[in-house]
Amino acid sequence: MILVVEGISASGKTTWCGQHGGGSVVPEHGRLDGVPDRGRDPAAAARFWAERNVDRWQAALAMEKGGRVAVCDTDPLKLHYVWCLWQIGEADERDWLLEHEATRDTVRDGRIGFADAYAVGRIEPQIARDRAHADATRRRRNFELHVRLQVALMRWYAAIDQIMPGRVQFGLPAAMPGVRHHAERCDLGAFDRVIAALPKDRPVLRQGNG
């Protein structure tokens, strides 16, 4: 089984994974080398990130073979990031469409899919800021940008919840939730329905909105 734990920076997801995931946590990507520049080659950047997401999904599949729940610190199918950036005016529509196309190809090929369950943390922006400022052990690059992403992030997972009822829990649970395996993980039809369920408007959320 695969559980995704998601939320903006300082929402508590990494702490939760450390407390409840044991030795079965798929961490976020660290700093990566050779990242294509979106401005110079947006298609290459879209393919690069789609493949890095496949890497994390494959790591989760390998981890669950031991019979435990693979806990992913952020979603391997991280297409939501560029969509959220586009929603707040920090990415071009071109970037969103190219990465959507590249990701759709990986779903169609059965190389990435939807998790069996999602725990999505939401936090008041000022509490997140207070936590980030109090934590001297971590560098949180682009923290204010991540605060601005929260409303769009909730919209993304609301779309998944609409298409796949019962998989998404909003709020980080007090203990490891029960996770049931879903056979239809790499379901291209479900992927297309989730994308179609996303809001059609494009609100530009200014800094400080939560």
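Readers should treat all values here as calculations from the given coordinates under stated rules, not as data from a laboratory. The structure displayed is predicted, hence computed values, not measured ones. When we count neighbours, we look across all protein chains shown, and the Cβ atoms used for this are built from the backbone with ideal geometry, even at glycine.
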With contacts defined as alpha carbon pairs under 8 Å and 6 or more residues apart, what's the relative contact order of segment 2-197 in percent?
32
Can you give the Rg to Rh ratio of segment 89-198, both from alpha-carbon atoms, with Rh computed by the Kirkwood formula?
1.01
Once the in-chain neighbours fewer than 8 apart are removed, the lysines whose Cα is under 16 Å from LYS78 read LYS13
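Let me have the 222 nm mean residue ellipticity of the chain computed from DSSP H runs of 4+ only, each contributing -39500 (n - 2.57), with the sum over all residues rounded to the nearest 500. Before the final figure, lay out each step's value.
Values: 8 runs with 95 residues, N = 210.
Value at 222 nm, helices only: -14000 deg cm²/dmol.
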Enter the Cα centre distance for the pair segment 18-91 and segment 112-181, rounded to the nearest angstrom.
14
Could you give each residue of segment 26-31 its phi-based ³J(HN,Hα) in whole Hz, using Karplus coefficients 6.51, -1.76, 1.60 with θ = phi - 60°, and x for Gly or Pro?
8, x, 5, 5, x, 5
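What's the magnitude of the charge dipole for segment 4-139 around its Cα centre, counting Lys and Arg as +1 and Asp and Glu as -1 at the beta-carbon? Answer in Debye, nearest 20. Don't jump to the answer; show the numbers that get you there.
Details: 19 positive and 22 negative charges, 71 e Å.
Once rounded to the nearest 20, the dipole reads 340 debye.
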Using alpha-carbon positions, the gyration tensor of segment 2-197 gives root eigenvalues a ≥ b ≥ c; with a/c under 1.5 called rounded, otherwise prolate if a/b exceeds b/c, else oblate, the class is rounded
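By count of other Cβ within 10 Å, fewest leading, how are ARG68, ARG131, ARG40 ordered? Walk me through the numbers on the way to the answer.
Numbers: ARG68 13, ARG131 16, ARG40 8.
Ascending Cβ contact count within 10 Å gives the list ARG40, ARG68, ARG131.
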Looking at the chain as a GNM with Cα springs under 10 Å, which of PRO36, PRO76, PRO27 has the largest mean-square fluctuation?
PRO36
Rg (Å, one decimal) plus Dmax (Å, integer) for the alpha carbons of segment 76-118?
11.3, 31
Length-normalised contact order for segment 93-192 - Cα pairs under 8 Å, 6+ apart - percent:
54
